[in-house]
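Read-outs throughout are calculated quantities, based only on the coordinates presented, and are distinct from any laboratory measurement. These numbers come from a predicted model, not from an experiment. Glycine also receives a Cβ, built like all others from the backbone with ideal geometry; neighbour counts cover every protein chain displayed.
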Amino acid sequence: MRTIKIFDTTLRDGEQSPGCTMNTAEKLQLAKQLARLGVDIIEAGFAVASKDDFNAIRTIAGEVEGPVICSLARAEEYDIKRAWGAIKDAPKKRIHTFHSTSAIHLLYQHKGMSQDEALKRSVKAVKFAKSFTGDVEFSPMDATRTDTGYLCEVLEAVIEAGATTVNIPDTVGYIIPVQFGDMIKEICDKVSNINKAIISVHCHNDLGLSTSNSLAAVLNGAGQIECTVNGIGERAGNCSLEEVVMALRTRNDIFKADTNIATEEIMKSSRLLTSITGMSVQPNKAIVGANAFAHESGIHQDGLLKEKTTYEIIKPEDVGVSSTKFVLGKHSGRHGFRARLKELGYELSDEDFKIAFKVFVKLADKKKDIYDEDLMAIVDEGVKTVYEYYQLLDVKQSSDMHNEKKPSAFVKLKIEKTDKEANAEGDGPVDAVYNAINILTGIEIKLLKYEVEAITEGPKAIGRVIVIIDFNSKTVRGSGSHTNIVIASAKAYVNALNRLKANGTRKVSLLNKE
């Protein structure tokens, strides 16, 4: 099985992504993580670009061990000298130089430069870089829009001049996988000395094909992939390191190749980059997105609980994710719901489970995301309860910001088997609700404590209300949860009244530890 080298350019091409500029300390921190990740080469920057870039590369070269440390340089002597000055202290070092070769670049970017002149400059640059280090990489920029015959001529010449790696960049993300595979194969067939160099590929993602193009290149002879963490980079970004690495490992039956990457460090690397740059990863991003190992579908959850490989081709632990995540929502089924409750420590009887699942389904229709705290509230309030002598059937309340009208409430209760309803006013909406409940029960209650807490996050969060009431020197506690805090208040009050009525007798339940 071949080992494909991973050339990480997060600190160079990745940093060119708008908003992703990093200072020296941040670059060093990320470079050390890339070393732990196991990348073979770190392109630490473009030394001639600025003093800060030069200093960052030099710092990384002096402090990061393991990978080859590389600096980019144009095909100019000053650039190459600057690159060498930045990397010379690294135990393993590389100079990466480049020159355009496509007709469109030579005409417009290089003011009508001839192909012969571009070839001469490329060879001269490689020879000059070779005078500093034995590890030299050359890139014919915009290679995928370059005439293939001329491209092969350039590659043969720069390898003869000393290039040990020749990179084929899809600079503008133009080519498609079948074309790129054919191009790499043609290079292998036509460049007579190609066996003296490693073929590398650097694919941009303008058409969303950077990973596919890189993999097509591997199938046809490429031995190095240039990529970035999270796929960041110029315009639409670069080939994503995590995608190409996991594709090679997961489908090594096809590629017959792997990398030296410690894949369990992938998620850590992704999150570090996000924290440094502030550029978040889209939830549905392959491998490192928040939803990459999350399942909401009840059918998928059921299959996964029976056998992981039914719906997961990668173990989440293999990329540094702690475990598969079951997202409970309106598409979830009984199996996933019961499994999550069990993980939270709840073992429900069949009867209790039916009650809890019914409440869950109603909540899932209202809330997009269901959190563990939601589930605990469902169980605690929906199953672990006293006998309901009083049942809350409906609550309505009215109030306004300017107090032009006193807050009022309508409450409907089932008291034993009889439905009763009442209207009342109060100092606030909750007070009005409690006054209406007092009218219906005929009990004069003293409210000792009223407490509200958010038990989930977001605009549709569940709030929990805890009350302590006193009747004839007997104190009881009640709690209620709901996305509407007034309804949660009513539920808490009724729960306390039921405890009072039942003298503390609890419904028998597997959940009841008291």
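How would segment 28-186 be classified by its alpha-carbon gyration tensor: rounded, prolate or oblate, with rounded meaning a/c under 1.5 and the a/b versus b/c comparison settling the rest? The shape class here is prolate.
Please state the shape class of segment 193-262: rounded when a/c is under 1.5, otherwise prolate if a/b exceeds b/c and oblate if not, all from the C-alpha gyration tensor. Oblate, since a/c reaches 1.5 and b/c is not below a/b.
The simple spin-label model puts a point 7 Å past each Cα toward its Cβ; for Arg271 and Ala103 those points are separated by 5.2 nm.
Anything over 25 Å Cα to Cα? Flag those among Lys362/Lys396; Lys88/Lys256; Lys354/Lys396, in the order listed. From Lys362/Lys396; Lys88/Lys256; Lys354/Lys396, over 25 Å: Lys88/Lys256; Lys354/Lys396. Here the dipole of segment 1-140 is about 360 debye; that uses its Cα centre as origin and unit charges on the Cβ of Lys and Arg (positive) and Asp and Glu (negative). Restricting the GluC sites (Glu not before Pro) of segment 424-499 to loop positions (DSSP other than H, G, I, E, B) with no more than 10 neighbouring Cβ atoms within 10 Å leaves Glu444. Which residues does the label zone of Asn252 cover in segment 1-43, counting backbone N under 12 Å from a point 7 Å along Cα→Cβ? Counting only backbone N, you get 1-4. Counting only aspartates and glutamates at least 8 places from Lys81 when in the same chain, those with an alpha carbon closer than 18 Å to its own are Glu43, Asp52, Asp53, Asp89, Asp135, Glu137. The local environment of Ser408, defined by Cβ-Cβ distances under 12 Å, has a net charge of -1 under the rule Lys, Arg +1 and Asp, Glu -1.
Relative to the present Cα-Cα distance, how much length would full extension add between Asp182 and Asn195 at 0.36 nm per residue of separation? Extra length available between Asp182 and Asn195 comes to 2.9 nm.
With neighbours defined as other Cβ atoms within 10 Å of a residue's Cβ, the residues Lys449, Lys412 order from fewest to most as Lys449, Lys412. Please state the shape class of segment 104-150: rounded when a/c is under 1.5, otherwise prolate if a/b exceeds b/c and oblate if not, all from the C-alpha gyration tensor. Here segment 104-150 falls in the prolate category.
The orientation-averaged projected area of the convex hull spanned by the Cα atoms of segment 11-277 comes to 12.6 nm².
Residues in segment 1-34, backbone N under 19 Å from the label point at Asp52 (7 Å along the Cα-to-beta-carbon vector): list them, ranges by number please. Residues 10-32 qualify, since their backbone N sits under 19 Å from the label point.
Ordering His110, His202 by the number of other Cβ atoms within 10 Å of each residue's own Cβ, fewest first, gives His110, His202.
Farthest toward the positive end of the dipole of segment 11-277, out of Asn230, Pro67, Ser114, is the Cα of Pro67, where the dipole comes from beta carbon charges about the Cα centre. Compared with the direct C-alpha span, the chain from Ala339 to Gln391 gains 15.7 nm at full extension, assuming 0.36 nm per residue.
Within the shell of other residues whose beta carbon sits under 9 angstrom from the beta carbon of Arg477, the net charge comes to +2, with Lys and Arg scored +1 and Asp and Glu -1. Near Gly149, once Lys and Arg are set to +1 and Asp and Glu to -1 for all other residues with Cβ below 10 Å from its Cβ, the sum equals -2.
For Thr483, nonlocal amide neighbours, meaning residues 5 or more places apart or on other chains whose placed amide H falls under 5 Å from its own, are Gly463.
Bridging of Lys268 to aspartates and glutamates at a Cα separation below 17 Å is possible for Asp8, Glu26, Glu242, Glu243, Glu317, Asp318, once same-chain residues fewer than 8 apart are set aside.
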